[in-house]
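Chemist: Starting off with a structure, shown below.
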Amino acid sequence: MSQALHHEELPVCDVVGIGFGPSNLALAIAVTEHNARRGSAEATTAVFLERQPKFGWHRGMLLDDATMQVSFLKDLVTLRDPTSEYSFLCYLQSKNRLMDFINHKSVYPLRVEFHDYLEWAAAKVDDLVQYGHEVIAVEPVTVDGQVIFLDVTVQAGPELKRYRARNLVCATGLRPSLPDGLTASDRIWHNRDLLHRVGELADTLPERFVVIGAGQSAAEVTAFLHTEFPSAEVCGVFSRYGYSPADDSSFANRIFDPEAVGEYFTAPQSTKQLMLDYHANTNYSVVDGDLIADLYGRVYQEKVLGKERLRLFNLSRLTEVVETPTTVRVSVRSLVTGELTALDADVMICATGYQPADPFALLGDAGRYVRRDELGRPLVERDYRVEADPELQCGIYLQGGTEHTHGITSSLLSNTAVRAGEILGSVIARRGAALPALRLATT
Ligand SMILES: Cc1cc2nc3c(=O)[nH]c(=O)nc-3n(C[C@H](O)[C@H](O)[C@H](O)COP(=O)(O)OP(=O)(O)OC[C@H]3O[C@@H](n4cnc5c(N)ncnc54)[C@H](O)[C@@H]3O)c2cc1C
Ligand SMILES: NC(=O)c1ccc[n+]([C@@H]2O[C@H](COP(=O)([O-])OP(=O)(O)OC[C@H]3O[C@@H](n4cnc5c(N)ncnc54)[C@H](OP(=O)(O)O)[C@@H]3O)[C@@H](O)[C@H]2O)c1
């Protein structure tokens with residue numbers, strides 16, 4: 001027998017989830033619904049570990065007027081089970097807003113409203129979540145050369161705790177990406193922290209902001225600063241010619257369908273790349289059309305009034321950033337003329353996108369069983385379980401970080417409900433039990 005089992009007897013969970021954003025929240029709901037249907041004899045035991053002190057979904061960008069980039073029907077459950085009581089519609093009903101929402105005639109809720117929905121749903125499965133629990137390590141528990149459990153170490157305030165898993169589900173989300181050589185500071189922010197930091201400017205009168213990037217985040221931040229600081233200049237810097245619209249037209253939108261995941265998964269590598277290249281503009285470096293019109297309206301109005309404080313440096317690159325005690329000096333080079341412009345700003349906000357968090361940084365020794373492709377990326381099966389050496393008897397599932405195997409929905413909400421059903425279906429099927437109620441998600 002293993003030493004680990006001798007020195008410590010921990011209860012074993014079928015599922016230990018790392019991170020509790022929308023992806024693992026959807027899974028917690030799927031588990032709860034399954035257990036309610038099947039009763040305790042067939043229950044799937046689960047715990048979800050979240051480092052934030054309470055539920056939060058990109059709180060730093062929860063701008064009052066920002067809307068969702070996805071239909072409310074792509075909520076946590078509806079595409080898996082349209083009768084679920086965890087749907088956005090049930091949330092609206094519970095808030096007495098169903099009729100008002102229908103009359104609003106938009107399928108895109110406000111982000112603050114969707115956040116409230118997510119919090120409402122998270123509260124309903126609170127028994128499965130531990131907040132303020134940061135996973136810091138994962139260790140294999142080995143018996144006769146076979147890894148039969150994975151032990152998860154958590155920092156919970158001053159305490160270290162352990163959980164024992166038959167299956168791990170990593171859903172640790174995205175981490176902010178800054179231009180090479182830059183680190184966040186008092187005057188250099190990533191947009192992820194916008195609302196957490198903007199209060200620092202309360203007693204100051206900022207004169208200029210520089211916003212880097214031309215994606216949805218950059219456009220939202222630019223509009224927000226322009227509104228909130230009416231005496232400040234806001235300079236947008238990006239290498240495109242202009243903000244470009246997100247392609248949300250009907251045929252292109254099918255790239256987010258559950259069927260597209262299967263097609264992407266089975267396609268040869270060259271076709272995968274083709275799909276990403278053709279349809280990157282459904283998601284990356286693009287902006288909602290209404291927001292583009294709003295920003296253009298502001299620029300035009302200022303031109304008419306002769307007071308231009310929203311300045312766009314298109315076809316331009318950042319060349320140098322120097323912080324002084326009082327400003328950040330941002331040097332911008334025109335890609336047309338080569339001309340350099342120095343912009344002294346109070347704050348530079350990098351809306352320069354995200355990278356998936358690397359769950360393997362946490363896996364430690366357990367990571368050596370995971371098979372990888374020639375680029376070092378994990379090989380992942382259709383059910384989101386990583387391919388591993390046979391000694392690893394436990395499952396490691398990924399929600400996020402699978403764009404190379406499952407396509408563009410990997411880091412998005414579109415497929416969250418279905419993916420959660422597929423992962424739970426896989427956990428249960430591998431344990432030997434059938435799961436008829438999840439068939440919708442797994443066919
Ligand atoms: C501002 C913004 C708006 C967006 N809007 C949309 C949209 O409208 N539609 C859409 O489809 N997509 C949108 N996205 C994409 C976004 O990735 C998804 O909406 C969603 O957040 C993915 O959920 P997730 O649970 O996989 O990851 P996340 O929401 O990032 O959640 C990951 C969680 O893991 C926790 N965590 C990380 N490491 C640990 C650890 N070691 N221990 C414990 N907990 C940990 C984090 O604290 C976090 O709560 C948006 C992204 C941003 C940044
Ligand atoms: N309301 C909402 O629902 C909402 C709000 C914000 C974000 N989001 C979502 O969040 C995701 C990410 O969007 P995002 O706008 O944060 O990121 P993004 O789409 O990846 O855009 C990043 C931008 O930064 C630029 N950039 C990247 N690296 C750079 C560098 N080193 N120097 C200069 N510029 C650089 C990119 O340039 P190029 O143009 O050259 O590529 C691009 O314009 C998307 O899914 C988006 O829909 C949703």
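Chemist: Which of (1) more than 23 Å from A123 (Cβ to Cβ); (2) within 12 Å of ligand 1 (Cβ to nearest atom); (3) open to solvent by 40 Å² or more (accessible area, probe 1.4 Å) is the odd one out, the single condition A41 does not satisfy?
Modeler: (2)
Chemist: Select from region 402-421 the residues that are in contact with a Phe, Trp or Tyr (Cβ under 7 Å, 6 or more places away or on another chain), in a helix (DSSP H, G or I) and not β-branched (V, I, T) and write down the one among them that is surrounded by the fewest Cβ atoms within 10 Å (Cβ to Cβ).
Modeler: Checked region 402-421; the qualifying residue surrounded by the fewest Cβ atoms within 10 Å (Cβ to Cβ) is H406.
Chemist: Hey, could you check region 198-213 for residues that are touching a residue at least 24 places away in the same chain (Cβ under 8 Å) and open to solvent by 10 Å² or more (accessible area, probe 1.4 Å) and say which is nearest to ligand 2 (Cβ to nearest atom)?
Modeler: So, considering only residues that are touching a residue at least 24 places away in the same chain (Cβ under 8 Å) and open to solvent by 10 Å² or more (accessible area, probe 1.4 Å), the one nearest to ligand 2 (Cβ to nearest atom) is G213.
Chemist: Output the qualifying pairs, or none if there are none: Cβ atoms under 8 angstrom, residues six or more apart or on different chains, first residue in region 292-304 and modelled with pLDDT of 95 or more, second residue assigned to a helix (DSSP H, G or I) and open to solvent by less than 100 Å² (accessible area, probe 1.4 Å).
Modeler: Pairs that qualify, where the first residue is modelled with pLDDT of 95 or more and the partner is assigned to a helix (DSSP H, G or I) and open to solvent by less than 100 Å² (accessible area, probe 1.4 Å), are I292/A219; D294/A223; L295/A219; L295/T222; L295/A223; R298/A223; R298/H226.
Chemist: Any residue at all in region 342-362 that is in contact with a helix residue (DSSP H, G or I) (Cβ under 6 Å, 6 or more places away or on another chain), over 27 Å from G60 (Cβ atoms) and at pLDDT below 95?
Modeler: No.
Residue by residue, here is whether (1) touching a helix residue (DSSP H, G or I) at 6+ places or on another chain (Cβ under 9 Å); (2) more than 16 Å from ligand 1 (Cβ to nearest atom) holds:
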residue	(1), (2)
R51	no, no
R59	yes, no
V70	yes, no
L76	yes, no
L79	yes, no
S84	yes, yes
V107	no, no
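Chemist: Also, I was wondering about something else. Kindly state which strands (runs of 3 or more DSSP E) lie completely within region 259-354 and contain at least 3 residues that are open to solvent by 60 Å² or more (accessible area, probe 1.4 Å).
Modeler: The qualifying strands (runs of 3 or more DSSP E) are 316-323.
Chemist: Suppose we keep only residues that are without any contact (Cβ under 8 Å) to a residue 40 or more places away in the chain and either closer than 12 Å to S285 by Cβ or over 23 Å from the mean Cα position of the chain (by Cα) (or both) within region 232-258. Which one would you say is surrounded by the most Cβ atoms within 10 Å (Cβ to Cβ)?
Modeler: That would be D247.
Chemist: Please note which strands (runs of 3 or more DSSP E) are completely contained in region 88-178 and include at least 2 residues that are more than 16 Å from ligand 2 (Cβ to nearest atom).
Modeler: Here the list reads 134-143, 146-156, 159-170.
Chemist: To continue, here is another question. Return a yes/no flag: does region 136-158 have any residue that is away from ligand 1 (no atom under 16 Å from the Cβ), open to solvent by 30 Å² or more (accessible area, probe 1.4 Å), at negative phi and small (G, A, S).
Modeler: No, that holds for no residue.
Chemist: Among S94, S84, S71, which is under 20 Å from the mean Cα position of the chain (by Cα), among the small types (G, A, S) and either surrounded by fewer than 18 Cβ atoms within 10 Å (Cβ to Cβ) or farther than 27 Å from D151 by Cα (or both)?
Modeler: After ruling out the rest, the residue left standing is S71.
Chemist: Moving on to the next point. Given the conditions (1) open to solvent by 40 Å² or more (accessible area, probe 1.4 Å); (2) within 16 Å of ligand 1 (Cβ to nearest atom), which single one is not true for G367?
Modeler: The number of the failed condition is (1).
The values are calculated or read from the model by the stated rules, or taken from the named source; none is laboratory data. What you see is a predicted model, and the numbers here were worked out from it, not measured in a lab. When we count neighbours, we look across all protein chains shown, and the Cβ atoms used for this are built from the backbone with ideal geometry, even at glycine. Calculation scope for accessible area: heavy atoms of the full protein, side chains included, ligands and nucleic acids excluded. Shrake-Rupley method; radii C 1.70, N 1.55, O 1.52, S 1.80 Å.
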